[in-house]
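Chemist: Sharing a structure with you now.
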Amino acid sequence: MTHLLICQTCLDAKDKANCRSIDAETIARLQHHLDQSDLSERIIIQPSPCLGVCTDSHAIALTGKGRASLVFRGVDPVKDKADIIATCRAWLEAEDGWIEDARPCGRLRHQLHARIPYLDESVLG
């Protein structure tokens, strides 16, 4: 199973003192959109502690066994929901999760913060 992690400790970019975690209702609406897109059986939304992208609220990440992990910054879970769904689909369709052509991802292709290759377990020891 793969996961769409949603940072729960993102700071407001204008006011660094205020935590702006994404509320449960917004997560439920995003889950509903995943369900409508037939992705809910392949991707689980999971609230996450800090994803380390504190300069731009909000951060999300895609991660899963045998797949590259992608971390995005400055994502609006309401306005960007169609791009989040498109990015999830592109990531699932890409070999090993390594998206070569990110144009289908819409605005999120410009919000990519980190792309981490998966670790082949056979070389870990």
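The values are calculated or read from the model by the stated rules, or taken from the named source; none is laboratory data. Just so we're clear, the structure is a prediction, and the values are computed from it rather than from any experiment. A quick note on method: Cβ atoms are made from the backbone with ideal geometry, for glycine too, and the neighbour counts reach across all protein chains shown.
Chemist: Among G125, G97, which is the only one that is modelled with pLDDT of 90 or more and more than 20 Å from I22 (Cβ to Cβ)?
Modeler: Details: G125 fails: modelled with pLDDT of 90 or more.
After applying the criteria, what remains is G97.
Chemist: Let me ask another. Among V75, V71, which is part of a loop (DSSP other than H, G, I, E, B) and either under 14 Å from L39 (Cβ atoms) or within 11 Å of the chain's Cα centre (by Cα) (or both)?
Modeler: From the options V75, V71, the qualifying one is V75.
Chemist: A further question follows. Hey, any hits in the range 84-94 for a residue that's within 23 Å of D23 (Cβ to Cβ), among the hydroxyl-bearing types (S, T, Y) and not in a loop (DSSP other than H, G, I, E, B)?
Modeler: Yes, that holds for at least one residue.
Chemist: Still on this model: Only residues that are in contact with a His (Cβ under 9 Å, 6 or more places away or on another chain), without any contact (Cβ under 8 Å) to a residue 40 or more places away in the chain and among the β-branched types (V, I, T): list them for the range 62-87, please.
Modeler: Correct list: V75 only.
Chemist: Considering (1) farther than 13 Å from L4 by Cβ; (2) loosely packed, with under 15 Cβ neighbours inside 10 Å; (3) out of contact with any strand residue (DSSP E or B) (no Cβ under 8 Å at 6 or more places or on another chain), say which one A94 fails and leave the rest.
Modeler: Condition not satisfied by A94: (2).
Chemist: Moving to a separate point now. Restrict the check to the range 57-79 and report whether at least one residue is modelled with pLDDT of 90 or more, touching a Cys at 6+ places or on another chain (Cβ under 6 Å) and under 12 Å from I6 (Cβ atoms).
Modeler: yes
Chemist: Could I ask something else about it? Could you say which residue among T63, T55 is assigned to a loop (DSSP other than H, G, I, E, B) and either surrounded by 15 or more Cβ atoms within 10 Å (Cβ to Cβ) or among the hydroxyl-bearing types (S, T, Y) (or both)?
Modeler: On the way: T63 fails: assigned to a loop (DSSP other than H, G, I, E, B).
Step by step, each of T63, T55 is checked, and only T55 is assigned to a loop (DSSP other than H, G, I, E, B) and either surrounded by 15 or more Cβ atoms within 10 Å (Cβ to Cβ) or among the hydroxyl-bearing types (S, T, Y) (or both).
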